[in-house]
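The values are calculated or read from the model by the stated rules, or taken from the named source; none is laboratory data. In this text the structure is predicted, and so the values were computed from the model without any measurement. Heads up, the Cβs are rebuilt from the backbone with ideal geometry, glycines too, and the neighbour counts pull from every protein chain shown.
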There are 2 protein chains.
Amino acid sequence: MATLQGILADKQIKSDAESLAVWGKDWTNGFPVAPSAVVFPESNQQVQALVEYALAERVGLVPSGGRTGLSGGAVAGNGEVVVSFDRMNRILDFNPQDRLVTCQAGVITQSLQEYAAEQGLYYPVDFASAGSSQIGGNVATNAGGIKVIRYGLTRDWVAGLRVVTGSGELLDCNAGLVKNATGYDMRHLFVGSEGTLGLICEVDVRLAAQPAPQMVMVLGVPQVVDLLNVLAGFNQRLTLSAFEFFSDLALAKVRAHRELPAPFATPVAYYALLEFDEGSLDAAGEAFEYCVEKGWVVDGVVSQSQAQAAALWQLREGISESIAPFTPYKNDLSVTIQQVPEFLADVDQFVQDSYPDFEVCWYGHIGDGNLHLNILRPQHLSVEEFMAKGHAMSPKIFALVQARRGSISAEHGVGLLKRDFLNYSRSEAEIRLMKGLKELFDPAQILNPGKLLKA
Amino acid sequence: MATLQGILADKQIKSDAESLAVWGKDWTNGFPVAPSAVVFPESNQQVQALVEYALAERVGLVPSGGRTGLSGGAVAGNGEVVVSFDRMNRILDFNPQDRLVTCQAGVITQSLQEYAAEQGLYYPVDFASAGSSQIGGNVATNAGGIKVIRYGLTRDWVAGLRVVTGSGELLDCNAGLVKNATGYDMRHLFVGSEGTLGLICEVDVRLAAQPAPQMVMVLGVPQVVDLLNVLAGFNQRLTLSAFEFFSDLALAKVRAHRELPAPFATPVAYYALLEFDEGSLDAAGEAFEYCVEKGWVVDGVVSQSQAQAAALWQLREGISESIAPFTPYKNDLSVTIQQVPEFLADVDQFVQDSYPDFEVCWYGHIGDGNLHLNILRPQHLSVEEFMAKGHAMSPKIFALVQARRGSISAEHGVGLLKRDFLNYSRSEAEIRLMKGLKELFDPAQILNPGKLLKA
């Protein structure tokens, strides 16, 4: 009979209650947490051996990175063995000519960002949880974040992968090549697969050139539709690194929470936060003038220092934390940029009609069509009552997304949270083919069972 | 019994010998050409009906775009029905906020480039056959070309696909979203699948901002290894749009063929061609000085006008045509950029040792590790004798590629030409999974049978 002790040293296996509770879940709440063990492999071979073990013992494996997920993708609720990559956290190689870093899956995003900077280069995927999320988890969820408008998603920086499939085979996908036209590119199948097709062990990450110092501008925009006009006005004149937005309600919450001054004397319905290279300041100034003349923008402020830039970013990045006490009902949605204003109006209308006492707190990456919908819990409702209403609300909101061919999970993945709603974004035929892909790469259904697709 | 006439109008069906000869092959020679008919669908529904027909009649379908392929991917040699997208050549939609163009698969690459320019935007995938290649074929082969170093490959600009699978299902993949974390991204499976998994009907293409006017610099570089030092020296100071190279032999051939002047008074072993935004001229000047001081570069010229830039590009783009009379033995290979000098030396050594009378004419996209290997036929050998030697050479050259984890087809695809050598770039496990993917998307094996994978 195969045992974990036959594969790993004692220090690589934990089964005490506290460890099971810690490594058995991610940042998502509301799902049962009941793994049978947590293991910490140190090599690709040990990962393969763990898959062999799982095949022999018919036990599920739940891959676990920084556990910052918000869809329950790393929750182990059925006696699975959690495979943590915490001990596979080394940078294995750097190739300057190709600007390639080979990372083990457990390398922390921020460590990779810092390593890149030490080489005079840049890892452009960045988001709030960069300090704890791991590169393997980023790849498994195709992490996005705040620079997508300029640099794309994690997918765009994955030049190679070493992955162990559900059959225990170690695949070496692409090996860092820029051009490789030798058939189906499985690398892109593993990106965003949430650990259901293979266990990502190593990633060849392409790095970018270091950008110029960045400047931040915050603009007051009364009309949602004008947020897109502002975006177009700036895009015509310069390259933006970020284009975020938040509502006046979101601003009020973050200001109260972090005791920040208001950017402008008079409140405005919406705010856009723009980031760009300092060399583009003149072009940004022209764009600003243009948007003011057009009446799209009524007020604006631009950072005069890195410290001010950071302070302005707080207005956007502090929102999630500042509304947490309201235990918001969250959804991470996307539509094409063009449809954002109408979609936002659809949702506002729906909430107003169905739940007049609920406040919608809008913010997100509007420059790429990604809206973070947060509905705040009114004082008079208990968390349970409110969450029940939220769950009742979901299908109706997803139907509004479906009507616009949008995504019910823009960047947070499907995991357990969105699994049963996948049909709002993927057709029956697609879901059938997805199940076929799962069957092909994980015939015994041992990899992250029940995530993304029903087991 | 199903008939083509039941699906299409007479003008959409051709079976005369001349048409079969024209649409039955691409730019690749040496494979039998014997389709049973050529059809010209005009809608996604007609494409679906053709798949239903193929399933009922158990006949193969060979998708056909601009037929500029160099690996036999669009050759019909066994009575297949050729599905030409020539009549599906309309641009269906333009969405300025998202910079999205929806094209039917038959839109010519150059038409898309021109359309983008009319919108004040830019379609950055460009290569010699842009005037006849079609967007559907570009997606099916993940076309690369001369701007990859800055803009990536076709894959990077595909925001959505409408594809008909081998089961006749029309899939709507991604619909132009930037962020969509709802499971396996099949879009990327179809990109580069050479028509073996589905028939690409429509593509949502993302456009880029129009670049500044470009300047071209040609540098004389005596040592291959210094080509990479030059690349690094420039990359540290500016963003390059292209970094190509060619040998003095390649230059001699193109100059003789097009009667062009030499760039420098004294010949140099290798030449680098660089393209960059005119705004980067000073930075490029600094990089040039630096490379001269280091002794990597012995001579250089920079374009003073768009006409001069075009003239300098001729030195690189005219090569393929100028060596055609020598019926070269061609191979399109890639390794990581870091390995280019040693790999190039490996091949030179091998050819010198085995075929001392053969001349190797090197050129290609060295900035992304893609080398076009062309071995010229000596006068004293007939085409047949020479090609026989070439075919004997291939496995030995592919073994050199394999030793460096490179690609035996950097950007020209596998088709028929490289099919039986796939194992030099893909492992047994990968090929088994690729066959599983084929089985999943085309269970009856009717889509481009025998291409990429053995039927």
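If a residue must be touching a Ser or Thr at 6+ places or on another chain (Cβ under 9 Å), part of a loop (DSSP other than H, G, I, E, B), over 13 Å from residue A:332 (Cα atoms) and among the aliphatic types (A, V, I, L, M), how many such residues does the range A:373-409 contain?
Residues flagged as touching a Ser or Thr at 6+ places or on another chain (Cβ under 9 Å), part of a loop (DSSP other than H, G, I, E, B), over 13 Å from residue A:332 (Cα atoms) and among the aliphatic types (A, V, I, L, M) within the range A:373-409 amount to 0.
Given (1) surrounded by fewer than 18 Cβ atoms within 10 Å (Cβ to Cβ); (2) among the aliphatic types (A, V, I, L, M); (3) part of a helix (DSSP H, G or I), identify the lone condition not met by residue B:1.
(3)
In the range A:203-222, which residue that is buried (at least 24 other Cβ atoms within 10 Å of the Cβ) and farther than 29 Å from residue A:271 by Cβ is farthest from the other protein chains (Cβ to nearest Cβ)?
Filtering first and then ranking leaves A:203.
From A:379, A:402, which residue is modelled with pLDDT of 95 or more and polar (S, T, N, Q)?
On the way: A:379 fails: modelled with pLDDT of 95 or more.
That would be A:402, the only listed residue that is modelled with pLDDT of 95 or more and polar (S, T, N, Q).
With respect to residue B:144, is the statement that it is in contact (Cβ under 8 Å) with a residue 40 or more places away in the chain, within 13 Å of chain A (Cβ to nearest Cβ) and surrounded by 24 or more Cβ atoms within 10 Å (Cβ to Cβ) true?
Yes.
Scan the range B:4-50 for residues that are in a loop (DSSP other than H, G, I, E, B) and of a type in the set (Ser, Thr, Tyr) and jot them down. Talk me through it step by step, then tell me what you get.
Initially, the range B:4-50 is screened for residues in a loop (DSSP other than H, G, I, E, B), giving B:7-9, B:15-16, B:24-36, B:40-43.
Scanning the range B:4-50 gives B:15, B:28, B:36, B:43.
If we keep just the residues of the range B:102-137 that are touching a residue at least 40 places away in the same chain (Cβ under 8 Å) and within 13 Å of chain A (Cβ to nearest Cβ), which is surrounded by the fewest Cβ atoms within 10 Å (Cβ to Cβ)?
It comes out as B:120.
Among the residues of the range B:334-365, which ones are in a helix (DSSP H, G or I) and surrounded by fewer than 16 Cβ atoms within 10 Å (Cβ to Cβ)? Give the derivation first.
Keep residues of the range B:334-365 that are in a helix (DSSP H, G or I), which gives B:337-354.
Answer for the range B:334-365, where residues must be in a helix (DSSP H, G or I) and surrounded by fewer than 16 Cβ atoms within 10 Å (Cβ to Cβ): B:342, B:345, B:348, B:349, B:352, B:353, B:354.
Among the residues of the range B:306-321, is any free of Cβ contacts under 8 Å to residues at least 60 places away in the same chain and either within 14 Å of chain A (Cβ to nearest Cβ) or among the hydroxyl-bearing types (Ser, Thr, Tyr) (or both)?
no
Which ones in the range B:425-448 are touching a residue at least 60 places away in the same chain (Cβ under 8 Å) and buried (at least 21 other Cβ atoms within 10 Å of the Cβ)? So that I can check it myself, show each step before the final result.
In the first step, residues of the range B:425-448 are kept if they are touching a residue at least 60 places away in the same chain (Cβ under 8 Å); the result is B:437-438, B:441-448.
Matches in the range B:425-448: B:437, B:438, B:441, B:442, B:446, B:447, B:448.
What pairs can you find where one residue is in the range B:251-278 and within 15 Å of residue B:366 (Cβ to Cβ), the other is acidic (Asp, Glu), and their Cβ atoms are less than 6 Å apart, with a gap of 6+ or different chains?
B:269/B:248; B:273/B:244
Only one of (1) within 9 Å of chain A (Cβ to nearest Cβ); (2) under 22 Å from residue A:182 (Cβ atoms) fails for residue B:176. Which number is that?
(2)
Please find, within the range B:425-442, the residue that is farthest from the other protein chains (Cβ to nearest Cβ) out of those that are farther than 16 Å from residue A:442 by Cα and of a type in the set (Gly, Ala, Ser).
B:427
Has the range B:202-213 got at least one residue that is in contact with a Phe, Trp or Tyr (Cβ under 6 Å, 6 or more places away or on another chain), within 30 Å of residue B:89 (Cβ to Cβ) and among the polar types (S, T, N, Q)?
Within the range B:202-213, one or more residues are in contact with a Phe, Trp or Tyr (Cβ under 6 Å, 6 or more places away or on another chain), within 30 Å of residue B:89 (Cβ to Cβ) and among the polar types (S, T, N, Q).
What about residue B:423, is it touching a Pro at 6+ places or on another chain (Cβ under 7 Å) and modelled with pLDDT of 95 or more? If you could, list the steps in order and put the result at the bottom.
Numbers: touching a Pro at 6+ places or on another chain (Cβ under 7 Å): no; modelled with pLDDT of 95 or more: yes.
Spelling it out, it is not the case that residue B:423 is touching a Pro at 6+ places or on another chain (Cβ under 7 Å) and modelled with pLDDT of 95 or more.
Could you run through the range A:397-424 and say how many residues are closer than 24 Å to residue B:166 by Cβ and facing another protein chain (nearest Cβ under 7 Å)? Walk me through how you get there before you give the answer.
Taking the range A:397-424 as the starting set, the residues that turn out to be closer than 24 Å to residue B:166 by Cβ are A:422-423.
Those left that are additionally facing another protein chain (nearest Cβ under 7 Å): A:422.
Total satisfying the criteria: 1.
Quick test of your reading of the structure: residue B:387 fulfils all but one of (1) within 14 Å of chain A (Cβ to nearest Cβ); (2) in contact (Cβ under 8 Å) with a residue 60 or more places away in the chain; (3) more than 17 Å from residue B:246 (Cα to Cα); (4) not small (Gly, Ala, Ser). Name the failing condition by number.
Result: residue B:387 fails condition (1) only.
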